[in-house]
Amino acid sequence: MTSSWILLSFASLLAIGELLVPSEARAFFVFGDSLVDNGNNNYLATTARADSPPYGIDYPTHRPTGRFSNGLNIPDIISEHLGEESTLPYLSPELQGERLLVGANFASAGIGILNDTGYQFINIIRINRQLEYYQQYQERVSSLIGPEQTQRLVNDALVLITLGGNDFVNNYYLVPFSARSREFALPDYVQYVISEYKKILARLYDLGARHVLVTGTGPLGCVPAELALRSRNGNCDPELQRAADLFNPQLVQILNELNSNIGSDVFVAANAYKMNLDFITSPQTYGFVTSKIACCGQGPYNGIGLCTPASNLCPNRDIYAFWDPFHPTERANRIIVSQFMTGSTDYMNPMNLSTILAMGSRI
Ligand SMILES: *[C@@H]1O[C@H](CO)[C@@H](O)[C@H](O)[C@H]1NC(C)=O
Ligand SMILES: *[C@@H]1O[C@H](CO)[C@@H](O)[C@H](O)[C@H]1NC(C)=O
């Protein structure tokens, strides 16, 4: 009886110890759209969802999870590099107690920088709401480990934010003569979107983020959906490419401005455009048979409509760059994250993730 009491109290001491002292591992927070959503939209009444087969076919459980991938997505693979479990979607009821200390994923498929982006998806977590949830998260953690430890956890954490693609695909170019395209010429629209993004990133900093990876957009005109919809000859659509070419350099510029105002390299630009273009231009070099045809879909390039149980499905997802009309396969995501980790300044500016991690927990 005594010994089991000792054993029990030892176990609970350990549990309390773990709660009071956040482990050496860093927390990880994720904000953004479907490229990084790991299941929040499952809890929402929205049409932007990935909760039916064959999504998740190569996930460890072989079941759909809400990730827009055949298996793992970019945040999952970053978590692997951090030596941690994947973060849970913020809306998951399992995100309680100690599991909060690993971080959280606030991303929601369909959203953009602008509030009107993705309006057709109805109930999604727009970026301002994601930041409100981040604040709410911090209050919850604070009641577990106290305000100082929470501040430390938040300041030391790695943050990933992926936004912008939908402001073109699901807004400006969603339909011909969209409201935004009648309101703005493309260069003016990009400038407006970028100025809104700068406010969002400044708010993220105000909420305690100190190590923030910011991905630009990929080559928007080259995804199977755009090849099917807008390209006649299988080349990347020049109009969406023009949007990405205007957006990405201006994003790097505002990150530089924010960093110089802060006086520290809080924001790191991840050149998703170049990372994706590498395997889009020479798929064979990366072991893909094609970068034009999606594994799951229908119509030309399997680029029309959604990936559903009725779609064409390729037997080997590892030899396709694109899983569905918009999203890379797990294998392509692994190539992207390896550039996050060790890429040169052409890919990660001013530093890569292995440099951030090697700097230890504090700048
Ligand atoms: C977007 O909506 C939020 C409230 O949810 C508001 O604070 C913000 O100003 C809006 N942004 C724009 C550009 O209208
Ligand atoms: C990126 O990572 C590699 C390998 O860890 C390192 O040698 C290189 O200097 C890093 N580059 C930058 C710009 O941080």
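Values in this text are rule-based calculations from the coordinates and carry no lab data. Keep in mind the model is a prediction, meaning the values are calculated, not measured. Cβ placement follows ideal geometry from the backbone for every residue including glycine, while neighbour counts extend to all protein chains displayed.
What the table below lists for this structure:
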{"read-out": "Burial ranking of peptide ranges 249-260, 330-341 (average Cβ count within 10 Å, highest at the top)", "value": "330-341, 249-260"}
{"read-out": "Rotationally averaged projected area of the stretch 37-143 (alpha carbon convex hull; nm²)", "value": "7.0 nm²"}
{"read-out": "Distance between the stretch 303-341 and the stretch 199-221 - C-alpha centres, whole angstrom", "value": "24 Å"}
{"read-out": "Highest average packing first - 315-327, 218-230, 261-273, Cβ atoms within 10 Å", "value": "218-230, 315-327, 261-273"}
{"read-out": "Cα extents of the stretch 309-363 along the three principal axes, largest first (Å)", "value": "50, 23, 17"}
{"read-out": "Near-label residues of the stretch 174-194 by backbone N, under 20 Å of a point 7 Å along Cα→Cβ of Thr47", "value": "174-181"}
{"read-out": "For the stretch 211-334: relative contact order, % (alpha-carbon pairs under 8 angstrom, 6 or more apart)", "value": "27 percent"}
{"read-out": "Proxy reagent accessibility, fewest Cβ within 10 Å first, across His211, His62", "value": "His62, His211"}
{"read-out": "Rounded D (µm²/s) - the stretch 144-231, Kirkwood Rh over Cα pairs, Stokes-Einstein at 20 °C, 1.002 mPa s", "value": "138 µm²/s"}
{"read-out": "Local electrostatic count at Ile124 - Lys and Arg +1, Asp and Glu -1, tallied over other residues with Cβ under 15 Å", "value": "-3"}
{"read-out": "Sorted peptide list for 28-34, 281-287, criterion being average Cβ within 10 angstrom, highest first", "value": "28-34, 281-287"}
{"read-out": "Kyte-Doolittle at least -0.5, axis length at least 24 Å by Cα - qualifying DSSP helices, the chain", "value": "2-20, 186-206, 238-262"}
{"read-out": "Which of Phe168, Phe68, Phe177 has the fewest Cβ neighbours within 10 Å, and the rest in rising order", "value": "Phe177, Phe68, Phe168"}
{"read-out": "Segment Arg230-Asn155, extension gain: residue separation times 0.36 nm, minus the distance between their alpha carbons", "value": "22.6 nm"}
{"read-out": "Volume per residue that the Cα convex hull of the stretch 270-361 spans, once the total is divided by residue count, Å³", "value": "111 Å³"}
{"read-out": "Largest-first principal axis extents, alpha carbons of the chain, Å", "value": "78, 48, 39"}
{"read-out": "The stretch 193-316, dipole about Cα centre (Lys/Arg Cβ +1, Asp/Glu Cβ -1), debye to the nearest 20", "value": "120 debye"}
{"read-out": "Backbone N within the stretch 303-340 under 15 Å of label point (7 Å from Lys274 Cα along the Cβ vector)", "value": "336-340"}
